[in-house]
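Below is one structure, written out as structure tokens, with a few remarks after it.
Taken together, the values in this text are just the output of simple stated rules run on the coordinates, not laboratory data. Keep in mind that what you see is a predicted model, and the values were worked out from it rather than measured. Cβ coordinates were reconstructed from backbone atoms using ideal geometry, including for glycine residues, and neighbour counts include every protein chain displayed.
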Amino acid sequence: MAAGPDREGAPLAPQLPRLLDLESGRGEGVEAGLEVGRDHGRMAERRDRRRIGVDQVDLRALALEPCHVLGDRLRGGDAVEAEQPPELDRPLDLGSRDLDRDVLKHDRNPKIDTSLVSRGEIVRHPLRIRQTTRRALRESAALPAPLAIRLGGVVTLRLPHRSWLRRVLLVHAARLVVQSQSRGDFELTTRLYAPDSELRNIPAGGSAVSIPGLDEVYRGPDGVRRFFEQWTEPWERWYWAPEGELVDVGDGRLLFLLTLVGHGRGSGIEIREEVGLLVEIEGGRAVRQRNWIGTGAWEEALQAAGAAGAS
């Protein structure tokens, strides 16, 4: 397409040199006019029989017609608007278009969803348990400050159920506790229980508790300490398996789904048992705990928490 030959000696409009990134001034006779193409290459302008390479300029928006003089079109400094197809002058109707629903509506991202949920809704988090040999710095700092532990528990459980911060704080605290238990350090655990707390063992499937020597009920922090003394007695070595799960049941209840790995004292035989721990928290401290131990313990604990079948 060509804009047509320019008139001999006709001045270029002052806007054109700026559009073409040329020096301002009056144009001289142009032998072949300004070429306008549809490709993305380089265009050429002939001036006094010399070719000057310039970047292509798309002038279709100026709605040039054959034999138009570009200077006339731009003279006066008026802005020129591109002609729009007729259908774009009407409101855009998306209702009749076959669009993917996700274009108009995106699903919530669970990583950033902080909306409040109904009481008792289940949120499950994987719990990666490492074997440690000493207390973490944060654990050592928390032990002399039981009030800070309680305050942290209260604040965390008041966060929106699905909030990212609640998940991070709960999983981090849960890992500190179970990892300290695996290395035989129960000081942090006992600090988490109220003076009138109750810990109750429930054999899975109605059978006898698989670990001999355990009482049915323990009360207060001293009772929790006695529970772990009896818990470790049959084992030459024991620990929580690396893969566990923390279930945020809501209403201040947390469910731990863990696997006990123990090597019998004297025999060295390895035994693995499912363990479900349902802990009820009030005022930042545990007030009730129920333990299910043995085959099927996870399923029974989930049913008792009202979380069976939750994903």
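Would you mind calculating the gained length between Trp235 and Arg128 on full extension (0.36 nm times residue separation, minus the Cα-Cα distance), in nm to one decimal?
Working: separation 107, 0.36 × 107 = 38.52 nm, distance 2.28 nm.
Gain in length upon complete extension: 36.2 nm.
The shape of region 247-311 comes out oblate: with a ≥ b ≥ c from the C-alpha gyration tensor, a/c is at least 1.5 while a/b does not beat b/c. When restricted to Cα atoms, region 220-265 yields an Rg and a Dmax of 13.4, 40 Å, respectively.
Taking label positions 7 Å along the Cα-Cβ direction at both Gln303 and Ala136, the computed distance is 3.5 nm, reported to one decimal.
Full extension of the chain segment joining Val217 with Glu243 gains 6.6 nm, where the gain is 0.36 nm per residue of separation less the Cα-Cα distance. Placing a label point 7 Å from the Cα of Glu121 along the Cα-to-Cβ direction, the residues of region 153-184 with a backbone N closer than 13 Å are 160-164.
Which FRET efficiency, nearest 0.05, do His172 and Thr295 yield, Cβ-Cβ r, R0 45 Å?
Rounded to the nearest 0.05, the efficiency is 0.90.
Within 15 Å, Cβ to Cβ, of Arg200, how many net charges do the neighbouring residues add up to if Lys/Arg are +1 and Asp/Glu are -1?
-1
The Cβ shell under 15 Å around Arg265 holds other residues with a net charge of -3, Lys and Arg each +1, Asp and Glu each -1. The shape of region 123-304 can be summarised by an equivalent ellipsoid whose semi-axes, obtained from the alpha carbon gyration tensor, come to 25, 18, 16 Å from longest to shortest.
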